[in-house]
Amino acid sequence: MMTTGSSTSSPSTSPSSSSPADDDMEDDTLSISSLVHNSTQTLGVLKKAMADMSWMDLMQKGEDRRKRLNVFKTVLRELSKCCTDVQVGLRSTKQDAVASSEEVVLLREQLRSLSAEMMFLRQALGMKAASQTHTNGLPHLVTPMQADQGYMDPMIRESTSSIPSHHNSSSSGCSCGTNSQLSPYFLPSSSAGTGTRDPYTELEDLVHMSGPLTEEAVLKVLHHRWQRGECQTRIGPVLVNINPYRGIPTEQVLQHSRHGHHPHLHNVANTALKQLIETGTSQSIILSGATGSGKTYASQLLLRQLHELAGGGAETESFKHLVNAFTVLRSLGCAKTKHNSNSSRMGQYIEVMMSNCSIYRTKLHCYWLDQSRVVQPPQGERGYHIFYQMLAGLSAEERVKLHLTGYSAKDLHYLNNVTEADDSERDRIRFDAWRKSLTSLGVHFFDVMRVMAAILLLGNIQFIDDGGFELDIKGNNEIKSVAALLGVSGVALYRGLTTRTRNLKGQVFKSLCDAQSANQNRDSLAKALYCRTVSAVIRKVNSITRHNNTRHYSATSSGSDDTLSNDSLGCKPMRHQPSPVPSKSSTNQSSTSSHSSMGDGFISILDMFGLESNECNKFEQLCVNFSAETIEQFYTTRVFKHTQDVCRQENVHCDINVEYCDNTPCLQFLLAQDHGLFSVIDSESRSLDNTCDQLIQTLNVKCAQSNGYYNSALENSHQFTIKHSSQNITYDAGDFLDANSDVISDDVITIFQKRSCNFGFTTHLFSQELKTLQGGSPKGLLFRISPSPPRECSGKSETFTTYSQDLVYRLDSLIKTLDQTQTHFVRCIKSNNKEEPTSFDSDVVKQQLRSLQILETVHLITGGYPHQLKMSEFVRRYRFLAHHKRLRGTSDRLHDDCKILLDCFLHIMDNSNLPYVSTRWALGTKHIFLSVEAWQCLERLRDSRRDIAAVIIQSYVRRWSCKTKWPTLKSVLRSGPKRVQFKEPIYEGIQSPHHQSAEVHLNHTDMMWSRTVVPYAIDSSKPEPPPVPKNRPFPYTVTSSVKSADFPQTRIMTHNFPADCKDPLVKKGELILVMGPCDTDGFLVVEFNNYTLKVPHQHTQLKPTGYTLGTRI
């Protein structure tokens, strides 16, 4: 147990002459000093007593434990009264004299330290005492501060206010919640110097905040919890997660062995799985926040927890496959940006498919990939990690094979826009892990490396128009290397990049490209190769299916204190839901999840982008921000709109009307049919001759009536500003048309046909397009850079699908899928912009609190009814509160049954001696509306009743089992009472290591050798024993007529025992656990079904499988 503070003696006073007032003051000071001194000594005795008694003893039940706790509490109450008297005494003395008295100042410091230590002990005892409080046989858990109001410390607020705003101790490399490794009731040693316990640390739910709910109050709570390592805070069913930039690195989250450091995130996964099993409704966990807020980190924690609960754990082959998949995709899909050193540039939707309460498949969906970063990373940012890692990790021999000898990031045009030095050693280590993971997925390492090397060398090829008939090339060596890597001829590659085939009214003709078009074809090929390689890896990841999974999840009542109802926050119940419908360009076809029984469905984890604003925002940032606005609108609709609309529809009065930010007008401006931003960009992209100036002119005309959501920039003709939900963002439209067209001509694709390409992997990447071309020559078709059906450049607008259209279609399908699931929200926040583990930037956090509408969420959940259940569901779920005869049980009397249950619930709460907890509810026409406190109390009562019922059922089953076994046992006892010894082992399967057998055999051999050489005075140097025959499963010796081998061992019964009994205790063919030879010749000591028996050796047969039945200790 950790304690702080030290014992101090009372200050001495020197005899001197003074006035009567000074004498009175001195007497008061001496009496107060004596009181503090005595209190300090009493507290020291109490701390020593609590230190001597282990916490495990305190957790045990019994009268002795209760007496000890009561003694400790009584002493603390007396100390609290003593502190009150001291405080009153200090206030009653003359202020002028006290202010100048160093003794009184010292006494105040001692009192503050004493109060802080008392708070430590009080919370420790209060938490243990709270767990034993019962109401009508049902435990009702309360927070430690609510457990006993007599513990209120008069100096606690003054002590807490003395904590500095920032501690250097927070710079430790521990993860969030690391202090859970220490005593759960005390601060880590790094904070012991303050001598205080922060009350905000225990405030795990912002719903229970006292005082006015303001932005400053919420920020203060989050700041104090972050200082103490608590980075996750609940708002009822919504979780707020702060990225502390410390702890386990993201690449080690899935495979790391440490558990329990993120209890709230784990509880979200537990809740989702429990709700899937109980209701049959598929679940969705939506993570939202700015870049760098830890969304990917949290998603992998959730994924691991789901596999721990229902997937067999981290040692299964399917989970190892998933770890390897994320290792590969992390390098392929992440890059270093100005805001985040490990920013994910692909929107991920992880779908964990369940069957019979067990995970049988995990699918990954990529909803968006930043293609432009492959060929042109923003200034000051890096490209994808894989490029730098391969340059650091490839050996000299591999560089020769890949034509990369002598190249560094500065020598490659696609990577040379960053001047800072790279951490080559870190990249090399990650590349080695990436190589192993890629190979384990079944993807050939050199196939992917040839494509990656070709992409890098493509950037060094530059076409120059020198006025001749054909374009000149800057980088002849590079184009030859690229052609060799891709398995095509250099001439064919040159012709494909510099030639353009057009189809005009059925007539096909070719023309030469200018230098700009040829360089665009080069970049399009690089982006197409990269995107299709990522798609191929994702298809390989999704190809695994886990069959015949026998591990099933059992829904228990533990860890469900904030379980969501089937209609919480506007959830719509659903039994049959399809997985997200892929877009036309998606290569990962999703299957339909059919729910034939409980435990079937899927749990999805959505990790999408937050709003981004850079110095130069291009088309990619527009797509990212559109995705963020779409997810934010879903949160607003589900949390705010639906909750309040249902209350209004059923005439339920809500005490609070929350004003929230609705981004629907912004999305309407982006998606309007004729005058929307995407509609205008699509129409301008259909014509290859349109320019950026024409696009801006059209936008200024058609988007003028956008109610302020569109503003043209006067200083730059190519820029415009969009009013997003949380900020205004200015975009540069210079690349909008080309990026939205997202095309690559068939002149480039035809060079990878089988007859002209000897590298099968690249042919596979363009297989869909080559199938459309049917092995012929170019026909003037245009294909999407990302995999998709072809589109013709024939002037028919209905055949065109642009990049923005595809993105809108995919997000619309995603929202439809999420709308049919039960949702759980995790709002992620970054603590600072510099990724420093010791910094909590209040301005940065406050800006994110506003954009994520955290304060509005707190107001709604605190003052509203965030949980809505149908009356039939409420009666079914909480019918245990009332006697079954009081309930009508008919559909026309549901309203009366709900009133009866609520009256019983109120009666239970009134009869308890616990502090008052606000439990508000309201009855509508079809639903019953519950506050967060009422929902949490009901769920805890239900969980407690289920636990009690489970214990009762288990006791009856054990009783029945004993009664059925008793006649057989009785006959055995009568026939041979000396042969049976009673034990109570719990049998389990344990693996018997073979090295133990060798040790036993060695001990027997040494003993026999010593017994032999001593009587006959033989040389004691033991010769090397002969090798054990291979046909023996393990070595053995012979004791009497029984082979004494490695015990315990598993054997099979060859006869019934007893043989003369109609209902034998051990039947033929059953497995038994042999503990060793018996004293009686020819018998073995056997344990079976909690009994120890003497069984004849000839009735057993050895089972040499290495699998031994054993007892659980």
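Structure data summary
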| quantity | calculated |
| --- | --- |
| Selected residue (only one of Gly496, Gly475, Gly468 is within 16 Å of Asp514 (Cα to Cα) and open to solvent by less than 30 Å² (accessible area, probe 1.4 Å)) | Gly496 |
| Sole exception among (1) open to solvent by 80 Å² or more (accessible area, probe 1.4 Å); (2) touching a residue at least 24 places away in the same chain (Cβ under 8 Å) for Thr501, by number | (1) |
| Hits in the range 428-465 - residues which are closer than 16 Å to Ala526 by Cβ and either open to solvent by 70 Å² or more (accessible area, probe 1.4 Å) or not aliphatic (A, V, I, L, M) (or both) | Arg450, Gly459, Asn460, Gln462, Phe463 |
| Pair list, Cβ < 8 Å and 6+ apart or interchain, from the range 422-444 residues that are assigned to a helix (DSSP H, G or I) to residues that are open to solvent by 70 Å² or more (accessible area, probe 1.4 Å) | Ser440/Lys320 |
| Residue count, the range 498-528 (criterion: out of contact with any Leu (no Cβ under 7 Å at 6 or more places or on another chain) and part of a helix (DSSP H, G or I)) | 8 |
| Residues within the range 743-760 that are buried (at least 20 other Cβ atoms within 10 Å of the Cβ) and either modelled with pLDDT under 90 or aromatic (Phe, Trp, Tyr) (or both), tallied | 1 |
| Residue check, Leu301 under 27 Å from Phe634 (Cβ atoms) and open to solvent by less than 10 Å² (accessible area, probe 1.4 Å) | no |
| Residue that is β-branched (Val, Ile, Thr), open to solvent by less than 30 Å² (accessible area, probe 1.4 Å) and over 23 Å from Thr763 (Cα atoms), where the choices are Val508, Val418, Val488 | Val418 |
| Among the residues listed as Arg551, Arg532, Arg539, the single one being surrounded by fewer than 18 Cβ atoms within 10 Å (Cβ to Cβ), within 29 Å of Gln348 (Cβ to Cβ) and modelled with pLDDT of 85 or more | Arg539 |
| Any hit, the range 898-909, residues being under 30 Å from Arg225 (Cβ atoms) and either under 29 Å from the mean Cα position of the chain (by Cα) or open to solvent by 10 Å² or more (accessible area, probe 1.4 Å) (or both) | yes |
| Output for the range 1059-1092, where each listed residue is of a type in the set (S, T, N, Q), farther than 16 Å from Thr964 by Cβ and open to solvent by 50 Å² or more (accessible area, probe 1.4 Å) | Thr1080 |
| Qualifying residue in the range 690-698 (condition: open to solvent by 40 Å² or more (accessible area, probe 1.4 Å), within 16 Å of Ala739 (Cβ to Cβ) and part of a loop (DSSP other than H, G, I, E, B)) | yes |
| Scope the range 917-946; condition of a type in the set (S, T, N, Q), crowded, with 18+ Cβ neighbours inside 10 Å and in contact with a Ser or Thr (Cβ under 8 Å, 6 or more places away or on another chain); matching residues | Thr919, Ser931, Ser944 |
| Residues satisfying the stated conditions in the range 1061-1096, i.e. in contact (Cβ under 8 Å) with a residue 24 or more places away in the chain, within 19 Å of Lys970 (Cβ to Cβ) and of a type in the set (D, E, K, R) | Asp1063, Lys1094 |
| Tally, over the range 1063-1091, of residues that are under 22 Å from Arg958 (Cα atoms) and acidic (Asp, Glu) | 3 |
| Test: residue in the range 859-881 that is surrounded by fewer than 18 Cβ atoms within 10 Å (Cβ to Cβ), hydrophobic (A, V, I, L, M, F, W, C), touching a residue at least 60 places away in the same chain (Cβ under 8 Å) and part of a helix (DSSP H, G or I) | yes |
| Where Lys771 falls short, out of the listed (1) open to solvent by 50 Å² or more (accessible area, probe 1.4 Å); (2) free of Cβ contacts under 8 Å to residues at least 24 places away in the same chain; (3) over 44 Å from the mean Cα position of the chain (by Cα) | (3) |
| Unique residue being modelled with pLDDT of 90 or more and open to solvent by 50 Å² or more (accessible area, probe 1.4 Å) when the list is Arg827, Arg850 | Arg850 |
| Index of the failed condition, Asn651 passing every other in (1) open to solvent by 80 Å² or more (accessible area, probe 1.4 Å); (2) among the polar types (S, T, N, Q); (3) within 42 Å of the chain's Cα centre (by Cα); (4) at negative phi | (4) |
| Residue satisfying condition, being surrounded by fewer than 20 Cβ atoms within 10 Å (Cβ to Cβ) and out of contact with any strand residue (DSSP E or B) (no Cβ under 6 Å at 6 or more places or on another chain), within set Glu230, Glu278 | Glu278 |
| Matching residues in the range 486-496 - criterion: being hydrophobic (A, V, I, L, M, F, W, C), part of a helix (DSSP H, G or I) and in contact with a Ser or Thr (Cβ under 9 Å, 6 or more places away or on another chain) | Leu486, Ala492 |
| Leu807 being of a type in the set (A, V, I, L, M, F, W, C), open to solvent by less than 50 Å² (accessible area, probe 1.4 Å) and not in a strand (DSSP E or B) | yes |
| Among (1) in contact with a helix residue (DSSP H, G or I) (Cβ under 8 Å, 6 or more places away or on another chain); (2) open to solvent by 30 Å² or more (accessible area, probe 1.4 Å) - the single one Ala314 does not satisfy | (2) |
| Test: residue in the range 658-671 that is at pLDDT 90 or above, touching a Phe, Trp or Tyr at 6+ places or on another chain (Cβ under 9 Å), open to solvent by 60 Å² or more (accessible area, probe 1.4 Å) and part of a helix (DSSP H, G or I) | yes |
| Total residues in the range 713-737, condition crowded, with 18+ Cβ neighbours inside 10 Å, in a helix (DSSP H, G or I) and of a type outside the set (Gly, Ala, Ser) | 2 |
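The values are calculated or read from the model by the stated rules, or taken from the named source; none is laboratory data. All values reported here derive from a predicted model rather than from experimental measurement. For neighbour counting, all protein chains shown are included, and Cβ atoms are generated from backbone atoms with ideal geometry for every residue, glycine included. In case anyone asks, the SASA skips ligands and DNA or RNA and just uses the protein heavy atoms, side chains included. Shrake-Rupley method; radii C 1.70, N 1.55, O 1.52, S 1.80 Å.
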